[in-house]
């Protein structure tokens, strides 16, 4: 079952900027769906339209079975949003932020306290409960913001570049949280610039380029679209010269076997390098990069 | 209705919480509108300090009302809480009332102090007291609307901070709020009457028995305040957006 579908979605801002031209995609329930794209590609615009915070100019979009323009109120109680670069009130504690979000969302004081503790424990924030936001690391601050979004157990969570500026451990903490959420049955749609993040998380992904959906499918399908295949790198065990390095593109399993056997005989090191999502991304949006350069 | 009031209350408290948790800042914000009172008390003989104190009551609410512009701006463009709240069951009315309430909450200590001092200096009846409060609240409401229009229509952080300060200065310190209208030359007085804070201050001073006004002037004062608040409400409806267009 699709929780999000868009058809020919477009957005032109008042100043004439065309942020989205024609985006058609669908997201299945319980999926972690990544939206990739260069800066200014339209990722945030897409998320804001789906999150009912921005009106589309053309096309249609349904979220959880409701039209985003006609029935936004039917959607709003069931979703949550973590906007790009959202910030905390620096002089308030992590607990203040989550507890007040619970109270604003209609929980009684005892229920809000209980839910705050649950969410903070789940996100590894309880030990920092009394620290002011200013004293928290970037990763912990981001977890507090995500915690604010999670208090109502949303069916669909929108995360706009949730790990930007986080260190590797902070990013992994957010990844684990996203995975846990999906395991519970929630659908997560997130935008990111990090290809490793998309590879680690995405069940399915879309690449948005110049306001259009340039690709939709799995990470493996994106890699297959590069037509690059497996690369085998053969080089001396100890070498500081890049010229000693040979990049081979075997066409069959026999080719691979032959390369390995020959390398063992010659005492060379063999490294297998499958195509990466980053290469696929560059391949897919490459045409437009060249157009820009021209 | 109950749900909306509850949402608004907690939005207001959460918005005011950074100030409420910092008593020094709270005291400072409350004292800003008292600074001219201190000068009037020290430098000007007679009952001028009492007039200035009435001005402080009116301006405490105006100053904090216009602070709504900063709440709107920071919640929308810096913290991005507005986006988080749009994508929830919270209504735009709860949000607007809540942020307005936040400004009222931080003005309570200064209001209690100024009314306490005023009533200690000059006791008035409960009806007059309520009318002073009502004129100040109308001024506050109008300034909240001004704040909403500024905060939601500017994307420039410098302007979001500076425009309310300049407006506060122009509405508070230039017109006859702290000092009597009669201190201005007769030719300038009609211009002073174009500024809404003059009307709020004149009405408050009248109800405290500090100036005399004709029935026509009183009616004009109320009509002007209500009209100004309505015009600012209209401006806010035109400028402020819950869902971005």
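Tabulated results
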{"quantity": "Segments classed as strands (runs of 3 or more DSSP E), wholly inside the range A:24-91, with at least 3 members that are more than 10 Å from every other protein chain (Cβ to nearest Cβ)", "calculated": "A:32-37, A:58-63"}
{"quantity": "Cβ-Cβ under 7 Å pairs, at least 6 apart or on other chains, the range B:219-245 side within 14 Å of chain A (Cβ to nearest Cβ), far side at pLDDT 90 or above and assigned to a helix (DSSP H, G or I)", "calculated": "B:242/B:86; B:243/B:86"}
{"quantity": "Strands (runs of 3 or more DSSP E) enclosed by the range A:181-294 - at least 1 residues per element that are over 30 Å from residue A:9 (Cβ atoms)", "calculated": "A:231-236, A:246-248, A:268-273"}
{"quantity": "Count of the range A:92-128 residues which are in contact with a helix residue (DSSP H, G or I) (Cβ under 8 Å, 6 or more places away or on another chain) and more than 7 Å from chain B (Cβ to nearest Cβ)", "calculated": "24"}
{"quantity": "Residue count for the range B:15-43, restricted to those that are in contact (Cβ under 8 Å) with a residue 60 or more places away in the chain, within 20 Å of the chain's Cα centre (by Cα) and either part of a helix (DSSP H, G or I) or within 11 Å of chain A (Cβ to nearest Cβ) (or both)", "calculated": "11"}
{"quantity": "Residue check for residue A:95: in a helix (DSSP H, G or I) and buried (at least 19 other Cβ atoms within 10 Å of the Cβ)", "calculated": "yes"}
{"quantity": "Matching residues in the range B:6-45 - criterion: being over 20 Å from residue B:57 (Cβ atoms) and surrounded by fewer than 13 Cβ atoms within 10 Å (Cβ to Cβ)", "calculated": "B:23, B:24, B:43, B:45"}
{"quantity": "So residue B:187, is it surrounded by fewer than 23 Cβ atoms within 10 Å (Cβ to Cβ) and in a helix (DSSP H, G or I)", "calculated": "no"}
{"quantity": "Members of the range A:8-20 found to be closer than 15 Å to residue A:54 by Cα and away from chain B (no Cβ under 14 Å), listed by number", "calculated": "A:9, A:10, A:18"}
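This table checks each residue for (1) assigned to a helix (DSSP H, G or I); (2) within 14 Å of chain A (Cβ to nearest Cβ); (3) modelled with pLDDT of 90 or more.
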position	(1), (2), (3)
B:56	yes, no, no
B:61	yes, no, no
B:69	yes, no, no
B:74	yes, yes, no
B:98	yes, yes, yes
B:109	yes, no, no
B:113	yes, no, no
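Let's see how each residue does on (1) closer than 20 Å to residue A:38 by Cα; (2) buried (at least 18 other Cβ atoms within 10 Å of the Cβ):
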position	(1), (2)
A:211	yes, yes
A:219	yes, yes
A:224	no, no
A:232	no, yes
A:240	no, no
A:246	no, no
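The values are calculated or read from the model by the stated rules, or taken from the named source; none is laboratory data. Fair warning: this is a prediction, and the values are worked out from it, not measured in the lab. We place every Cβ from the backbone using ideal geometry, glycine too, and count neighbours over all the protein chains shown.
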